[in-house]
Amino acid sequence: MAAWVLLVWVLLVWVLLALAPVAAGATLGFASYYGDHMVLQKEPAGALVWGYGEPGAVVTVVISGDGGLIVMKKTARVKGPSGTWTTVLDPMDRGGPYALTAGQGSENVTLRDVYFGDVWLCSGQSNMAMTVLQIVNASQELAAAARYPYVRIFAAAPARSNVELEDLKQIDLPWSIPTAENLGHGNFTYFSAICWLLGRYLYEALRYPVGLVEAAWGGTPIEAWSSQRALQACGLPEDVGSISPHWHLSGPQTPSVLWNAMIHPLLNMTLRGVAWYQGEANAFLHTDRYNCTFPALIADWRHAFHAGSAGQTEPLLPFGFVQLSSYRRQSPDDSFARLRWHQTADLGVVPNARLPRTFMAVAVDLCDERSPYGRQVPGSEGVGMELSATNPTSLLFLGSIHPRDKQNVAHRLHLGARAVAYGEKDLVFQGPYPTRAVLEVTRALLNVTYTQELVFRRRDAQAFEVCCSSQPSPCRWLPAPVVAVESHTVTLALAGCGTLVLGLRYAWAEWPCEYRSCTLYNTQGLPAPPFLLDTLPGTAGGRELLLLPGSWFSVGI
């Protein structure tokens, strides 16, 4: 019996000794969002790499190329008690593949097929989360995925937290080479169609690797993606996430919970730019705070990513966003119009003084009434905003909040990225915008001058409206039909308004026009963005009107 006990004891000791190296090795590793097939940010920035190890130990990080040739070697000490190590790689030229190895004592962890290129973060709500499977020409787009093996994709899983997390809770898609399967995994899961198309279009222009990181969750307001610092900058209390019971949003609304769980863990990543598609939720929640919360989020993300990457991510990180598309046909509500305006910090176009180094894809003309992804019921994925506020069991107007044409959205977004982030000169990346108006008193006409050559696509009596009220609130908005269009000028009729013109607005509606048929475009096919402008008497006998961004018109009209 004693011999048997001794034998069991010896075997137990042998097993423990055999497993000891495995247990020790388990303390060494990379953070969750590093992996095989990944893209690290190329020069002039240095890619920050971090992971876990034994507190106090020294970790050696090695970049090696073909045949194991060592290209770079870095060392980092594991900090206690967090057990994390961090190092900034020397700036690397575009290309690959490389092996990235972290070593601690006799233990090594190696990531393979690593490339250097540009890394873009894509975030927002359900229109960002829509997969390639859900968009127009999905089968062709999925079949084309194999032609872009150097556009690599990664998706964080939806997660929330009441405290700022150091690493991601969960990953939906580890770094991968694109395939029809991982680009069309399901509805509103992974991978983001807009993110993929943006990366694909950028790759076609840049011809070097592009890494795409998705962190999106449908039905979420901007407050959930904002840090407490950003919210406090707008004077918002901690309970700002409370929502009217008349509207249903499927995602979390609690302030900062998505920042904590899905953005804060990524701060150590060196980025080239951000793409953002969000705002539908805020068309029904704190709409008129968005002209502060959005600039505050951009400024805060920039500061946080710059600091988190040890200064490698640019302080003015390029930030692109999609202006809201259409929603409900003939809706009298103007919350979508106000939100679009607030997306520009009430200045109409970007970049501007409040939103430097930003770019915008105008999408008001990309409506999709037949999209099957807009008519949701409470509890389903996405945003159930089609439901009436007074009767939440019936549909209010026909429309869809999830248009399927994401190709045009991404195309317009990538033009802005090329111009703003990559500095391409003479690239037209946005539509025409007005600079002044001249009032012809005797003929009751208003001549509006634009920045670019105009293409007149559709005569719409409701496209332009003028404010004729002598009182600032409520404003009396009347249609100003287009009577003539020249190269850079639109002439509007002021019948019923006389010569008292206090304001001018364009495409100010939830559903401003039919598909790709708004009134004005430029010669490159980019739509004129919506605007809301005050007019002030000029110097030409009161007949010239200087156009300034709207102030008192922008709220409560």
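The values are calculated or read from the model by the stated rules, or taken from the named source; none is laboratory data. A quick note: this is a predicted structure, and the numbers were derived from the prediction, not measured. All Cβ positions, even for glycine, are placed from backbone atoms using ideal geometry, and neighbour counts span all protein chains on display. With ligands, DNA and RNA removed, areas are computed over all heavy atoms of the protein, side chains included. Shrake-Rupley method; radii C 1.70, N 1.55, O 1.52, S 1.80 Å.
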- Query: Taking the Cβ-Cβ separation of residue 106 and residue 71 as r and a Förster radius of 35 Å, what is the calculated FRET efficiency to the nearest 0.05?
  - Reply: 0.95
- Expected unfolding gain across residue 58-residue 333 under the 0.36 nm per residue rule, minus the alpha-carbon gap, is 92.9 nm
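Figure the gain on full extension for residue 171 and residue 79 (residue separation times 0.36 nm, minus the Cα-Cα span) and round it to one decimal in nm.
Roughly 30.6 nm would be gained on extension.
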- Note on the structure: In whole Hz, the Karplus estimates of ³J(HN,Hα) for segment 74-80 (6.51, -1.76, 1.60; θ = phi - 60°; x where Gly or Pro) are 10, 10, 8, 9, 6, 7, x
- Task: Pop the C-beta distance of residue 204 and residue 316 into the FRET formula with R0 = 22 Å and round what comes out to the nearest 0.05.
- Result: 0.30
- Probe 1.4 Å, heavy atoms of protein chains only: per residue, the accessible area of segment 319-359 in Å² is 26
- Note on the structure: Per the 1/(1 + (r/R0)^6) rule, R0 = 56 Å and r from the Cβ atoms of residue 488 and residue 27, FRET efficiency to 0.05 is 0.25
- Query: So which lysines pass the test for residue 74, namely a Cα distance under 22 Å, with those fewer than 8 places away in the same chain ruled out?
  - Reply: 42
- Message: If I model a spin label at residue 476 and residue 179 as a point 7 Å from the Cα along the Cα→Cβ vector, what separation in nanometres do I get?
- Response: 6.6
- Query: Out of residues 5 or more away from residue 436 or on other chains, whose amide H comes under 5 Å of its own, with H placed 1.01 Å from N in the peptide plane?
  - Reply: 449
- Query: So for segment 256-330, Kirkwood radius off the Cα pairs, Stokes-Einstein at 37 °C and 0.692 mPa s: how many µm² s⁻¹?
  - Reply: 239
- To the nearest Å², the heavy-atom accessible area per residue of segment 400-524 with 1.4 Å probe amounts to 41
- Which value in Å is the Kirkwood Rh of segment 118-210 over different Cα pairs? 13.7
